[in-house]
Amino acid sequence: MDYKNKVISLTEALNLVKSNDIIVTGLGAAEAQLFMDNIHTVADRVKNVTITNCLSMCSGKFLNEEYKESFNIDGWFFSPLMRKAFKNGNIAFIPNHLHLAGKKRLAHVKPNIYVGSATLPDKHGFISLSCSNTYERRMIDEADIVILEINPNYPRTFGDVEIHYSEIDYLIEADYPVPTLPDVDSSEKDFVIGKYIADMINDGDCIQLGIGGIPNAVAASLKDKKDLGIHTEMMTSGMVDLVNLGVINGSKKTLHKGKIVCTFALGNQKLYDFMHDNPSVLVMDGHYVNDPDTIAKVDNMVSINTTIEVDLTGQCCSESIGPVQWSGTGGQADTAIGAQKAKNGRSFIALYSTAMVRNPKTGEKEEISKIVPMLKQGAIVSLSRNDVDFVVTEYGIAALRGTNTRERVERLIAIAHPKFRDELRKQALEVGLIYEK
């Protein structure tokens, strides 16, 4: 095996970029850190290059306003840096359900360059795409030029992430640490919500969890469960803790029994160490993992997601503040719908009952209800009210499956903060959501 003949320098790789190119990079930790951290250095000789990314973890220098004529950025999921730079006018969001993100994008445009991170070739010449195959392999198959940053620090994973080095055009030798996601401490509210959800998870269930204080609290509340399985969009650090405690073993799974199935991983170094050379972890194509029809094959599937705002009929805005894009739909609809299609499946949407916001008139911070009669003007409906099952706040659980709109109004008001309940009922009457008999 002689992969060295494919190795080029970072400068040589950047010199392959031309005006009007479409470049796709990997999701999260699968992003090509060296390439993306330095692509701004070619801004003086290129125009109208489109960079397509998802949950970018790099420094984001190319997002600076001075480079906006050289680069457009299309994102499947906004990072904090992209939110901040959105006003520059060269950044746009790609609406998507995660399981269709790659497929639908390729129906629209093909990449000139795919660049991502990966492991070193093994003794057989195979490289692992390591931390993600949400859309990465699909883009590799379609790109004119494929560049991988091979890195000894990346975990060698299994699933359908293996690719022979002969299929890759160029390799860059890299040695940076795998990007990590800091552990988020759970608040008292998180643990209350986590306990509500954990009490509805049974031994032998299969779970999907996201990131943040509430999902972390759910994981911490599952330590007394037995024989849980994992079929998830994102593999997280909290899942490793449950494996080490013997809570997760996948022994009851009806699909990929005994395996942890994900489409990408992002967390702490402990997570990456656990994944390395671990055949019990399968990192698989996002089009497969997140397809609701795939998820439906997993008996006792439990989907747990969070949202920003819920209206009194159950519509969930999980990705925007009014019309302003904040994050992305991701796999929320995929997993929520798939779980409800599964035998004995359940879907939970969690949120705090209130939030502190700054009053635009007074400049003072004030507490508002996150359960509202109507979503903010322009808010994005990430999960249709038709697809909502259980909604959870620190005040309880509203079971919405099969309910009518009057029942929904009453049940959601019951889990709103007590000080807003009377006003919510008054507003529901005023706008015609319900009428007094």
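Quick check for you: which residues of the range 384-411 have the amide N under 19 Å from the point 7 Å beyond the Cα of LYS419 toward its beta carbon? Counting backbone N atoms under 19 Å from the label point, the list is 393-396. Here is the size of the range 142-229 from its Cα atoms: Rg then Dmax, 19.5, 52 Å. Compared with the dominant Cα axis of the chain, that is its longest principal axis, helix 405-414 is turned about 90°.
Each peptide in 315-324, 99-108, 427-436, 130-139 gets a packing score, the mean of other Cβ atoms within 10 Å over its residues, and the list from highest to lowest is 130-139, 315-324, 99-108, 427-436. Pairs spanning more than 20 Å between alpha-carbon atoms, out of LYS18/LYS104; LYS225/LYS253; LYS103/LYS253: LYS18/LYS104; LYS103/LYS253. Taking only Cα atoms, what is the 0 to 90° angle, nearest 10, from helix 332-341's long axis to the longest principal axis of the chain? Helix 332-341 sits at roughly 60 degrees to that axis. Expressed in units of 2.2 N^0.38 Å, where N is the residue count, the Cα radius of gyration of the range 190-233 is 1.04.
Per q in 0.10, 0.12 Å⁻¹, report the Debye log10 I(q)/I(0) for the chain, using one uniform scatterer on each alpha carbon and no solvent. The calculated log intensity ratios at q = 0.10, 0.12 Å⁻¹ are -0.72, -1.00. Remark on CYS206: its backbone amide H falls under 5 Å from those of GLY229, MET301, VAL302, a criterion applied only to residues 5 or more positions apart or on other chains, H modelled at 1.01 Å from N. For SER70, the accessible area of its heavy atoms, probed at 1.4 Å with every protein chain present, is near 10 square angstrom. Here LYS47 and ARG406 are evaluated by their C-beta separation; at R0 = 45 Å the FRET efficiency comes out at 0.20. Positive contributions from Lys and Arg (+1) and negative ones from Asp and Glu (-1), summed over other residues with Cβ under 15 Å from the Cβ of ALA379, come out at 0.
Helical content of the chain, expressed as a calculated mean residue ellipticity at 222 nm, amounts to -6500 deg cm²/dmol (DSSP H runs of 4 or more residues, -39,500 (n - 2.57) each, divided by residue number, nearest 500).
Can you tell me the accessible area per residue over the range 387-437, all protein chains present, probe 1.4 angstrom, in square angstrom? Spell out each step's value before the answer.
Working: 2740 Å² over 51 residues.
Per residue, the range 387-437 has 54 Å² of solvent-accessible surface.
In this structure the amide hydrogen of THR52, modeled in the peptide plane, comes within under 5 Å of the amide hydrogens of ILE23, VAL24, THR25, ASP74, none closer than 5 places in sequence on its chain. Considering only the Cα atoms of the range 236-350, their convex hull presents on average a projected area of 8.3 nm².
Could you quote the convex hull projected area for the range 194-300, Cα atoms only and averaged over all directions, in nm²?
Values: hull surface 24.1 nm².
Approximately 6.0 nm², given one-decimal rounding.
Rg/Rh, computed from the Cα trace of the range 54-201 with Rh as the Kirkwood radius, has the value 1.03.
The values are calculated or read from the model by the stated rules, or taken from the named source; none is laboratory data. These numbers come from a predicted model, not from an experiment. In this analysis, Cβ positions are derived from the backbone assuming ideal geometry, glycine residues included, and neighbour counts consider all displayed protein chains. In case anyone asks, the SASA skips ligands and DNA or RNA and just uses the protein heavy atoms, side chains included. Shrake-Rupley method; radii C 1.70, N 1.55, O 1.52, S 1.80 Å.
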